[in-house]
Amino acid sequence: MKKRLILNHFRANRLVSMATLIFMAAAALLLGLAVLLFGSLSASIDNLMLTAQTPDYLQMHSGEINAEELSQFSQKRSEVKTLQISTFLNLPNSQLTIGGQALVNNTQDNGLSCQNPLFDFLIDAENRRIQPLPGEVYVPVCYRLEYELQVGDVLGIADQELQIAGFLRDSQMNSMMASSKRFLVHEADYERLRPLGSEEYLIEFQLHEGSDTGSFAAAYGAAGLPANGPTITRPLIKMMNALSDGMMILVILLVSVVVLLISILCIRYLILTQLEKDRREIGMLKSVGIARRDIRSLYFSRYLLLSVMGGLLGVLAAVLIAEPLGAEMRELYGKVGNMSRIYALMFLGALVVEGIILLAVYRTLGRMETLSAVEVLYGRAYAGRQKNLYLPIGIITAAAVFMILVPWNLNTTIAAPEFATHMGIGESQIRIDIRQMDDLDASAERLAKDIERDERVKEHVLLSTRSCRGFLPDGSSCSLLIESGDHSRFPVRYVEGSYPETEADIALSILNAREMKLSTGDTLLVSKDREERQEDAVVARVCGIYSDITNGGKTAKACFRTMNKSAPVMWSVIYLSLRDENLTDSWLEEYQEKYAAFGDGIKIVKIADYLMGTYGQTIFRIRKAAIMTAALACLILFVVVLLFLRLVIWRARNDCSLKKALGFRTAAIRAEYRKRVFVALLVGVGVGIFAGIVPGQQLAAFLLGSMGAYGFRFIVNPMAAFVLIPALVTVAAVLATGISLSEIGRIQASECLGAH
């Protein structure tokens with residue numbers, strides 16, 4: 001009888017077996033996919049940084065340097081392994097074309113570099129150091145994807161041309177979140193093209209393993225060495241590389257957890273359905289003296305087999321799906337190499353998922369052991385009361401809405417112009433960068449006054465960044481990039497506190513606040529110049545802490561009205577909004593033409609274009625994950641509603657037959673079921689929207705914070721959140737309901753006469 005029962009399970013209940021297999025495979029697939037992609041991304045970035053020998057500490061500097069002074073400092077510091085000074089020739093985007101496409105609207109700082117001799121190498125697709133020939137140029141691989149370039153295309157620089165000989169991986173500027181891009185050329189071409197751009201220095205240090213980057217940065221700042229530019233460290237480089245693809249992987253990981261919970265719930269009710277159908281056979285087994293544990297083991301062996309099959313299918317599908325999803329990652333960061341450890345982690349993840357599901361299965365099957373043979377034969381105690389069977393539909397609906405809404409909110413948030421405020425950038429319509437110019441401060445003031453006279457401009461603000469000295473309570477000093485101006489206009493998003501209002505206030509980026517071990521309300525001494533003179537410093541109270549990934553993520557904001565001449569302006573930014581948003585494009589074109597003579601010294605862009613240039617890759621990847629998640633959520637909801645309504649109809653078959661015998665029409669019986677499903681669906685949608693917006697935001701903020709992006713808040717699209725997504729899940733549920741309720745038409749009025 002045992003063998004006949006288990007064979008009947010697989011033959012007569014193919015639908016339930018298939019559904020159980022799908023849920024088990026889906027749970028293993030998603031977690032395995034997240035582990036595989038994240039492991040591949042992390043290993044690829046580590047491999048790239050190891051091969052390229054990424055610097056541990058990088059100080060960008062615009063202006064003259066004293067190489068001998070830097071060398072003496074390096075020799076005195078025991079943690080320094082190697083010092084290297086490389087050059088970067090910043091070129092005006094207005095003079096650049098690539099593959100026949102102008103880069104005038106490109107938001108990156110593009111320039112030329114030569115291959116470095118000691119470390120920070122630019123490497124090719126095979127992870128080999130590139131040595132270009134005269135007349136050749138190697139282009140960042142991200143531009144090959146963006147501009148659809150091929151070897152043999154031409155890079156135009158004013159009236160000069162270089163032939164694209166290949167594409168490079170740059171361990172520190174690979175990501176579009178890095179604001180600069182290096183093009184690799186031969187030394188002779190670099191010297192020939194030097195008059196066409198402005199030169200910057202990359203002062204790079206390799207430190208011995210285990211060295212404290214923070215203490216080294218403090219020592220560098222205390223020595224008064226060149227620091228007219230952002231400071232970047234190795235962890236920040238890795239974070240920027242990982243963030244764009246990492247956000248897509250975090251979405252998949254989040255969805256995998258939700259699908260696991262859905263799978264456990266659905267399989268539980270599938271088991272209860274099966275037990276209800278098999279209760280006569282189970283009762284017979286109990287009545288002939290077969291032990292209860294043996295009966296549970298008989299059923300459990302079936303789900304153990306389904307789990308093994310589902311786990312293997314999920315892992316195999318994860319490997320297949322990871323291939324196209326990870327193609328762009330491999331293009332940007334290279335191949336992983338030895339995948340054995342990542343595959344082992346993926347199998348371990350699948351084992352954990354299947355183990356959790358099997359534990360839930362074993363506990364559910366334990367209900368058989370508490371019932372006697374009589375209760376099994378004549379009772380209906382397995383699946384509970386009928387009204388509870390609509391609860392899973394509401395729960396799965398809420399989970400489906402949550403699965404769709406969180407990735408979609410993440411996508412709309414990053415794509416929205418106001419997302420700039422989370423990243424240290426003011427929310428405005430237009431951003432103007434003034435950099436790499438003679439008499440920069442005066443030029444910025446003239447441009448600001450020109451804008452002030454423009455009646456089309458509703459509001460504007462000029463913010464200027466200088467490098468100053470900061471003195472901490474423990475007596476140490478540090479270099480501070482302070483952006484000074486009126487921060488009440490176009491404020492950024494503050495994680496704690498608010499913007500500076502007086503000269504006694506200063507706001508710090510999260511990375512600065514953590515490194516200095518300061519919080520809101522604390523004080524530090526700030527000197528309004530670059531010299532280390534505490535007697536000239538003013539006491540500043542930390543009034544706010546904000547998230548920032550620009551300029552190395554270590555910035556500060558103040559409203560100093562007077563600055564010493566020894567702290568020249570490094571760059572300035574003007575944010576502005578117009579009275580009529582429809583004039584944005586025409587205003588932009590007018591001012592771009594008006595200040596075209598300044599080249600990239602004055603760069604005028606829409607904030608939306610600026611964000612797309614910085615986060616375009618991230619937005620595209622998250623959008624793909626959101627679409628995939630929406631399709632999966634709707635499929636799961638369709639299957640769940642189909643299965644649970646069949647369970648409801650199975651349990652109420654005799655009641656439906658009796659109603660037909662009493663004269664009720666099939667349409668009236670179906671309408672009663674539709675009403676109950678609609679109520680469960682409505683409650684589920686409401687709960688799902690709330691969960692997707694409130695707990696979903698907190699969960700997304702936690703995950704992004706673990707990667708370095710702090711202070712995250714959802715920017716919700718009301719039409720998508722409250723109309724489109726509910727409509728999408730409703731359509732899936734309605735289709736499943738229609739198919740399930742067709743079973744009622746096949747119930748005969750005479751069936752109730754033979755009911756037990």
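The values are calculated or read from the model by the stated rules, or taken from the named source; none is laboratory data. Bear in mind that the values here come from a model prediction, so they are computed numbers and not experimental data. Cβ sites come from the backbone with ideal geometry, for glycine too, and all protein chains shown count toward neighbours.
Sub-9 Å Cβ pairs linking a first residue in segment 719-734 that is in the same structural domain as Ala630 (by TED's automatic domain parsing) to a second residue that is basic (Lys, Arg), at least 6 apart or interchain, are Val734/Arg674, ordered by first then second residue.
Scanning segment 246-278 for residues that are among the charged types (D, E, K, R) and either within 21 Å of the chain's Cα centre (by Cα) or in a helix (DSSP H, G or I) (or both) returns Arg268, Glu276, Lys277. Need the failing condition index for Ala596 against (1) surrounded by fewer than 17 Cβ atoms within 10 Å (Cβ to Cβ); (2) not assigned by TED's automatic domain parsing to the domain that holds Ile430, just the number. Here Ala596 clears every test but (2). In segment 474-489, the residue that is nearest to the chain's Cα centre (by Cα) out of those that are at pLDDT 85 or above and among the hydroxyl-bearing types (Ser, Thr, Tyr) is Ser488. The helices (runs of 4 or more DSSP H) located wholly in segment 287-369 that include 2 or more residues which are among the hydrophobic types (A, V, I, L, M, F, W, C) and at pLDDT 90 or above occupy 292-325, 340-365.
Every listed requirement among (1) touching a strand residue (DSSP E or B) at 6+ places or on another chain (Cβ under 8 Å); (2) part of a helix (DSSP H, G or I) is met by Glu161 save one, (2).
Screening the candidates Ile237, Ile267 for the property of being buried (at least 21 other Cβ atoms within 10 Å of the Cβ), out of contact with any helix residue (DSSP H, G or I) (no Cβ under 6 Å at 6 or more places or on another chain) and either modelled with pLDDT under 80 or not aromatic (Phe, Trp, Tyr) (or both) yields one hit, Ile237. Suppose we keep only residues that are of a type in the set (A, V, I, L, M) and at pLDDT below 80 within segment 397-432. Which one would you say is nearest to Ile482 (Cα to Cα)? The qualifying residue nearest to Ile482 (Cα to Cα) is Met423.
Considering every residue within segment 124-136, establish whether at least one is surrounded by fewer than 21 Cβ atoms within 10 Å (Cβ to Cβ), at pLDDT below 90 and at negative phi. Taking every residue of segment 124-136 in turn, at least one turns out to be surrounded by fewer than 21 Cβ atoms within 10 Å (Cβ to Cβ), at pLDDT below 90 and at negative phi.
Just one of the numbered conditions (1) closer than 16 Å to Gly424 by Cα; (2) not in a strand (DSSP E or B) is not true of Cys543: (2). Checking segment 33-42 against the condition returns no match, with no residue being assigned to a strand (DSSP E or B), buried (at least 21 other Cβ atoms within 10 Å of the Cβ) and in contact (Cβ under 8 Å) with a residue 60 or more places away in the chain. Of all residues in segment 128-150, those satisfying the criterion of being touching a Gly at 6+ places or on another chain (Cβ under 6 Å) and either of a type in the set (Ser, Thr, Tyr) or free of Cβ contacts under 8 Å to residues at least 24 places away in the same chain (or both) are Tyr138, Tyr147. With the requirement that a residue be within 18 Å of Ser509 (Cα to Cα) and either surrounded by fewer than 20 Cβ atoms within 10 Å (Cβ to Cβ) or without any contact (Cβ under 8 Å) to a residue 24 or more places away in the chain (or both), what does segment 219-233 give you? Hits for segment 219-233: nothing passes.
Can you find even one residue in segment 433-445 that is surrounded by fewer than 18 Cβ atoms within 10 Å (Cβ to Cβ), modelled with pLDDT of 85 or more, part of a loop (DSSP other than H, G, I, E, B) and touching a strand residue (DSSP E or B) at 6+ places or on another chain (Cβ under 9 Å)? No, that holds for no residue.
Go over the candidates Val492, Val461 one by one and state the one that is touching a helix residue (DSSP H, G or I) at 6+ places or on another chain (Cβ under 8 Å) and modelled with pLDDT of 85 or more. Spell out the reasoning first.
Values: Val461 fails: touching a helix residue (DSSP H, G or I) at 6+ places or on another chain (Cβ under 8 Å).
The match here is Val492.
Quick check on segment 478-499. Is at least one of its residues polar (S, T, N, Q), closer than 30 Å to Leu236 by Cα, assigned to a strand (DSSP E or B) and touching a residue at least 12 places away in the same chain (Cβ under 8 Å)? Within segment 478-499, one or more residues are polar (S, T, N, Q), closer than 30 Å to Leu236 by Cα, assigned to a strand (DSSP E or B) and touching a residue at least 12 places away in the same chain (Cβ under 8 Å).
With buried (at least 18 other Cβ atoms within 10 Å of the Cβ) and hydrophobic (A, V, I, L, M, F, W, C) as the only criterion, which of Phe714, Phe690 stands out? Steps first, please.
Numbers: Phe690 fails: buried (at least 18 other Cβ atoms within 10 Å of the Cβ).
Only one candidate qualifies: Phe714.
Highlighted here are the helices (runs of 4 or more DSSP H) found entirely within segment 618-711 that include at least 2 residues which are free of Cβ contacts under 8 Å to residues at least 24 places away in the same chain, within 30 Å of Asn241 (Cα to Cα) and within 41 Å of the chain's Cα centre (by Cα): 695-705.
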